[in-house]
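Okay, structure first, notes after.
Readers should treat all values here as calculations from the given coordinates under stated rules, not as data from a laboratory. Quick caveat: nothing in here was measured; it's all calculated off a predicted structure. Here the Cβ is made from the backbone with ideal geometry for all residues, glycine too, and neighbour counts use every protein chain on show.
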Amino acid sequence: MELKIPKLNEQNGIQVSEAVFGQSYNETLVHQLVTRYLAGARQGTKAQKTRSDVSGGGIKPWRQKGTGRARSGTTRSPLWRTGGATFAARPRNYDQKLNKKMFRVGVRSILSELLRQNRLIISAEVLADTPKTRALRAQLDAFDSKRTLIVVSQVDMNLALASRNIPYVEVVEAANLNPVLLVAADKVIVTPSALQQLEERLA
């Protein structure tokens, strides 16, 4: 079985594979997929010093008894102004494991839901012949979208220059498409060549 999606401003349609665009929506898997990508984007390089990392403090500040003060063994205790942190942050890795099969099923689920909601458009007209922002904006206004994602097989210089000054417009190659970009977009515009790459990648 194959679905037909009409092209923008064209009478003929483009056939797409039901194996990719006929997936049922799995909200739990999509949430796990988006969470994994957002977690992987975290640097995790925050670091603080504990009492053992702070230099100095090797000598006992004063003798144990007889001074009238509280006993203390080092000036690098967290209780001191020059001391280390009590629960110091350490560099860590936020990556979460996700199988390739789960990734493919999750992305297919998102694309299928976009198709059912009429938020997925296949058109080659967004490929700019000139690096003029005004020309591209005029084409995108027809989609009535606040956040637009343009998926192409390969980003050319004209499209990159024409889209970089338009707010909430993202251009990405099909090989670098990720679920976070798909979920955040109101409308997703896919070129026919990018559609073929997606079907080969997700089949």
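Label zone of ALA138 (point 7 Å out along Cα→Cβ, amide N under 17 Å): in the range 87-131 this covers 125-131. Under the simplified labelling scheme, the ALA89-SER193 pair shows an inter-label distance of 4.4 nm, with each label point 7 Å from Cα along Cα→Cβ. Rg over Rh for the range 44-93 works out to 1.13, both radii taken from alpha-carbon positions and Rh defined as the Kirkwood radius.
Taking amide hydrogens as placed 1.01 Å from N in the peptide plane, the amide H of VAL171 sits under 5 Å from those of ILE150, each at least 5 positions away in sequence or on another chain.
Placing pseudo-labels 7 Å out from each Cα toward the beta carbon at ASP156 and VAL180 gives an inter-label distance of 3.0 nm. The simple spin-label model puts a point 7 Å past each Cα toward its Cβ; for ALA47 and LYS146 those points are separated by 4.1 nm. Residue exposure proxy: SER52, SER112, SER77, ordered by other Cβ atoms within 10 angstrom of their Cβ from fewest to most, comes out as SER52, SER77, SER112. Here the extension length gained between ASN118 and GLN64 equals 11.8 nm, from 0.36 nm per residue of separation less the Cα-Cα distance. Of all DSSP beta bridges in the chain, what percent run antiparallel (nearest 5)? Approximately 30 percent, going by the DSSP bridge assignments.
Applied to the range 81-90, the Karplus parametrisation 6.51 cos²θ - 1.76 cosθ + 1.60 on θ = phi - 60° returns per-residue 3J(HN,Hα) values of 5, 8, x, x, 7, 5, 10, 5, 6, 10 Hz, with x for Gly and Pro. Over all pairs of different C-alpha atoms in the range 63-115, the reciprocal of the mean inverse distance, the Kirkwood hydrodynamic radius, equals 16.7 Å.
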